[in-house]
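Below you'll find the structure, written out as structure tokens, and then a few comments.
Every number here is computed from the coordinates shown, using simple stated rules; none is lab data. Bear in mind the structure is a predicted one, so any value in this text is a computation, not a measurement. Counting neighbours? That spans all protein chains shown, and the Cβs are built from the backbone with ideal geometry, glycine included.
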Amino acid sequence: MTELRLRAKLSQANLAASLGYSVYYLGKIEQGKANASCDVMAAIARYFDMSIGHLWLYAEKLAKRKASRS
């Protein structure tokens, strides 16, 4: 989500306000310290105009890329 947010030039506060969730919660999701609920995943996917499946594949791709760098 962080990469999508940054590409859209959004702050956590702006995205949180647009989605109707707290900055704290979105921050925890971005840090990997909280899991996004289905409702949050759906809201994020809608916001970025993609399906939940596409959002999931995007997240998996980023996770694999980060893991290969470690």
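Over the chain, Cα pairs under 8 Å with separation of 6+ residues give a relative contact order of 21 percent. All other residues whose Cβ lies under 11 angstrom from that of Leu19 are scored, Lys and Arg at +1 and Asp and Glu at -1, for a net of +1.
With the convex hull of its Cα atoms as the shape, the range 2-69 has an orientation-averaged projected area of 4.4 nm². The aspartates and glutamates within cross-link reach of Lys66, meaning a Cα-to-Cα straight distance under 15 Å and a gap of 8 or more places when in the same chain, are Glu3, Glu30.
Placing +1 on each Lys and Arg Cβ and -1 on each Asp and Glu Cβ, with no other charges, gives the chain a dipole about its Cα centre of roughly 340 debye. Label sites at Asp49 and Ser37, each approximated as a point 7 angstrom past Cα along Cα to Cβ, lie 2.8 nm apart.
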